[in-house]
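Visitor: I have a structure I would like to understand better, so I am pasting it below and will then ask my questions one at a time.
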Amino acid sequence: MKTSLWAVASALSFSLMAAFVKLNSSLSAFELAFYRSFIIALVIAVFALSTGRSLMPNYIGGHVIRGVLGTISVCLWYYTLESLPLGTNITLTYTSPLFLSLFFIGYYYSHRIPVPWSLIGTIVLGFIGIVITLRPTFADGQQVPSLLCFTVAILDLIIYSQVRRLGRKGEPVWRIVFYFACFCSVFTFIAANIFENGLHLPPSIESTSFILGMALCGLGGLVFEARAWIGGNLLLVSCLGFTAIPISEILGIVLFDNNLSLITTLGMTIVAIACMIATVLTKRAEKAINSADNSADF
């Protein structure tokens, strides 16, 4: 039960963070990413120093890779949030399991193993849901932001794998988040000064409150997600993460007056179902492949 609550709390936190990004339309994606990362790094540094924890990393190379990929992912995501409805954006960025299914199909094919029809069917189902969801979006000429959301979904797969490697090397979650936040702060500060007119202070008290909400929700989402992963069934946690899709759609209606059409709702539902099925299938495939590799070692 606690695992379910942590997973849903994480989905709610990330959805709220995305909403705060959209509310801060006066600042650029680089600026918003900087403020979020800087605040998170500051909070974790205070936490570590006040509790006597070491900030020294065990594997600096892994943090650099995670920092580069994570920064690109965050900046792209924040950019797409400016252009797409909140629910549509979250739906597209949560399609990582579909791309992981494609990876396993490629693995099966390259090793001359029969490809399970369930994996193929899941991808087809997900593609149908995406087409239905994007029908009004593509009609409005928002193809580029939609495609960038898929890029974020692919990057998140690689980031997840890198975080797991860091965890196996003894890096605690808070330190992984800290170095990612530090890297992202430096990169976005430089990018804002090179590609834009520099870093700007929030133009109002309201904007400042949105930035604080964005950063705290982002930090809360990471902490809640970590608690869910550590304390419970990984498959259940993965599936419960997709509650972010209906949550974000509700936030879009309440905060941004988004129109929820029946056809869009159907598309989002199909994508969510396909991603949950893909999560189950890919977990099984990963387990089977690992078991086969271990048997081969003997």
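Visitor: At q = 0.08, 0.09, 0.11 Å⁻¹, what base-10 log of I(q)/I(0) does the Debye formula yield for the chain when every alpha carbon is treated as an equal point scatterer in vacuo?
Guide: -0.36, -0.46, -0.69
Visitor: If packing is taken as the average number of other Cβ atoms within 10 Å across a peptide's residues, how do 128-135, 238-245, 155-162 rank, most packed first?
Guide: Numbers: 128-135: 18.6, 238-245: 21.6, 155-162: 16.4.
Result, highest mean Cβ count within 10 Å first: 238-245, 128-135, 155-162.
Visitor: Please report, in whole Å, how far the alpha carbons of the range 190-291 spread along each principal axis, starting with the longest.
Guide: Over the range 190-291, Cα extents along the principal axes are 54, 37, 28 Å.
Visitor: Okay, next question. What is the extension gain from Ser261 to Phe127, computed as 0.36 nm multiplied by their sequence separation minus the C-alpha to C-alpha distance, in nm to one decimal? Don't skip to the answer; put the middle values down first.
Guide: Details: separation 134, 0.36 × 134 = 48.24 nm, distance 1.91 nm.
Answer, rounded to one decimal: 46.3 nm.
Visitor: Restricting to DSSP H runs of at least four residues, report the calculated mean residue ellipticity at 222 nm for the chain, -39500 (n - 2.57) per run over all residues, nearest 500 deg cm²/dmol. All intermediate terms of the calculation are to be shown ahead of the outcome.
Guide: Details: 12 runs with 244 residues, N = 298.
Result for the chain: -28500 deg cm²/dmol, rounded to the nearest 500.
Visitor: Right, here's the next one. Taking the Cβ of Tyr59 as the centre, find all other residues whose Cβ is under 11 Å away and add up their charges (Lys, Arg: +1; Asp, Glu: -1). Walk me through the numbers before you get to the answer.
Guide: Working: positive: Arg66, Arg165, Arg168, Lys169, Arg175; negative: Glu171.
That sum, taken over residues with Cβ under 11 Å, equals +4.
Visitor: Take peptides 93-102, 23-32, 194-203 and line them up by average Cβ neighbours within 10 Å, highest first, as a rough protection proxy.
Guide: Details: 93-102: 23.4, 23-32: 20.9, 194-203: 11.7.
The peptides rank, most packed first, as 93-102, 23-32, 194-203.
Visitor: Under the rule of at least 5 residues apart or a separate chain, name every residue whose amide H is placed under 5 Å from the amide H of Ser28.
Guide: none
Visitor: Could you grab the Rg to Rh ratio for the range 20-108? Cα atoms only, Kirkwood for Rh.
Guide: On the way: Rg = 17.1 Å, Rh = 15.9 Å.
Checking Rg against Rh, the ratio lands at 1.08.
Visitor: Kyte-Doolittle cut-off 1.6, length cut-off 15 Å along the helix's own axis using Cα: show which whole DSSP H helices in the chain pass.
Guide: On the way: long enough: 2-23 (31 Å, 1.25); 29-50 (32 Å, 1.94); 60-81 (31 Å, 1.14); 96-110 (21 Å, 1.07); 117-139 (32 Å, 1.68); 143-168 (39 Å, 0.87); 173-195 (32 Å, 1.81); 205-231 (38 Å, 1.17); 244-256 (16 Å, 2.16); 262-297 (52 Å, 0.72).
Taking the DSSP H segments of the chain (at least 15 Å long, mean hydropathy at least 1.6), we get 29-50, 117-139, 173-195, 244-256.
Visitor: Using the crude model of +1 on Lys and Arg Cβ and -1 on Asp and Glu Cβ, and no other charge, please compute the dipole size for the range 131-204 relative to its Cα centre, in debye to 20. Spell out each step's value before the answer.
Guide: Working: 6 positive and 4 negative charges, 94 e Å.
Using Cβ point charges on Lys, Arg, Asp and Glu, the range 131-204 gives about 440 debye.
Visitor: So for the range 42-167, taking the charge dipole from beta-carbon charges (+1 Lys/Arg, -1 Asp/Glu), which of Leu55, Ser146, Gly106 sits furthest toward the positive end?
Guide: Farthest towards the positive end: Leu55.
Visitor: Oh, and also: Ranked highest first by average number of other Cβ atoms within 10 Å, how do 249-261, 73-85 line up? Provide the component values of the computation, followed by the final result.
Guide: Numbers: 249-261: 14.8, 73-85: 21.7.
Order by mean packing, descending: 73-85, 249-261.
Visitor: Same structure again: Which FRET efficiency value, to the nearest 0.05, is calculated for Leu157 and Arg135 with the Förster distance at 22 angstrom and r the Cβ-Cβ distance? Spell out each step's value before the answer.
Guide: Numbers: r = 26 Å, r/R0 = 1.17.
With a Förster radius of 22 Å, E is 0.30.
All of the numbers you see were taken from the coordinates with simple rules; none came from a lab. The structure displayed is predicted, hence computed values, not measured ones. Glycine also receives a Cβ, built like all others from the backbone with ideal geometry; neighbour counts cover every protein chain displayed.
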